[in-house]
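The values are calculated or read from the model by the stated rules, or taken from the named source; none is laboratory data. This is a predicted model, so every value here is computed, not measured. Note that each Cβ is placed from the backbone with ideal geometry, even for glycine, and that neighbours are counted across all protein chains shown. Heads up: the accessible areas ignore ligands, DNA and RNA and are worked out on the full protein's heavy atoms, side chains in. Shrake-Rupley method; radii C 1.70, N 1.55, O 1.52, S 1.80 Å.
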Amino acid sequence: MGASFISQVDEKGFAINQVVMCMSIIGCLTISIMSIKNGNIKKIDWVCLSLGLACTVIYVITKDAWLTTGFAIVADFIVAIPTISNAWNDPAAERSIAWKYGAAGYIITVVACKGHDSIYIAYPLFLL
């Protein structure tokens, strides 16, 4: 998500509709820092880190925001499979209010993308 954000800002500039993405990045970083601090690192966390680094390398080499954003979407989908599977198989275990807040935030972001370059909508639309 961070590499996608940086590539978009670098190529197209910052747009107000990226605020929700920034908040998601801050949330992810906070969770990561707390996991490291508390020693809760799992194999999937290393996969996520590796995919994020790959995304960064893709952008550094190609300077292509669309390729970077596309890879970020595919990478996020891959690492989300266990969560999606768990939510499908045991919806009662996924009752967090965060799902509703996240959906609301991304609905607002997608609406705010109207009139902006389509690259700004790709990632929030995927997350929605």
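The single condition among (1) at pLDDT 85 or above; (2) touching a helix residue (DSSP H, G or I) at 6+ places or on another chain (Cβ under 6 Å) that Ile107 does not meet is (2). Screening Thr69, Thr83 for residues that are over 18 Å from Trp46 (Cβ atoms) and of a type in the set (Val, Ile, Thr) leaves exactly one candidate, Thr69. Pairs are defined by a Cβ separation below 9 Å, a sequence spacing of at least 6 or placement on different chains, a first member in segment 36-63 that is over 23 Å from Ile81 (Cβ atoms), and a second member that is among the β-branched types (Val, Ile, Thr) and modelled with pLDDT of 80 or more; the pairs so defined are Tyr59/Ile6; Tyr59/Thr68; Thr62/Thr68. Restricting the first member to segment 19-33 and to residues that are without any contact (Cβ under 8 Å) to a residue 40 or more places away in the chain, and the second to residues that are part of a helix (DSSP H, G or I) and surrounded by 14 or more Cβ atoms within 10 Å (Cβ to Cβ), the beta-carbon pairs closer than 6 Å and six or more apart or on different chains are Ile25/Gly2.
Restricting Ala98, Ala93 to those that are part of a helix (DSSP H, G or I), within 18 Å of the chain's Cα centre (by Cα) and of a type in the set (Gly, Ala, Ser) reduces the list to Ala98.
Would you be able to say whether some residue in segment 73-89 is among the aromatic types (Phe, Trp, Tyr), touching a residue at least 24 places away in the same chain (Cβ under 8 Å) and out of contact with any helix residue (DSSP H, G or I) (no Cβ under 6 Å at 6 or more places or on another chain)? Yes; the residues of segment 73-89 include at least one that is among the aromatic types (Phe, Trp, Tyr), touching a residue at least 24 places away in the same chain (Cβ under 8 Å) and out of contact with any helix residue (DSSP H, G or I) (no Cβ under 6 Å at 6 or more places or on another chain). For segment 86-103, a residue qualifies if it is open to solvent by less than 90 Å² (accessible area, probe 1.4 Å) and modelled with pLDDT of 85 or more, and the qualifying residues are Asp90, Ala103.
Selection of segment 113-128 for residues being outside any loop (DSSP other than H, G, I, E, B) and open to solvent by less than 40 Å² (accessible area, probe 1.4 Å) yields Ile119, Tyr120, Ala122, Tyr123, Pro124.
Applying the set (1) open to solvent by 60 Å² or more (accessible area, probe 1.4 Å); (2) closer than 21 Å to Val57 by Cα to Ala72 leaves exactly one unmet item: (1). If you check Val110 against the conditions, is it open to solvent by less than 70 Å² (accessible area, probe 1.4 Å), under 18 Å from the mean Cα position of the chain (by Cα) and within 18 Å of Met1 (Cα to Cα)? Yes, satisfied. Checked against the criterion of being of a type outside the set (S, T, N, Q), closer than 19 Å to Ser4 by Cβ and at pLDDT below 85, the candidates Val74, Val60, Val79 yield just one match: Val79. Scanning segment 32-55 turns up at least one residue that is open to solvent by 80 Å² or more (accessible area, probe 1.4 Å), under 17 Å from Phe5 (Cβ atoms) and assigned to a helix (DSSP H, G or I).
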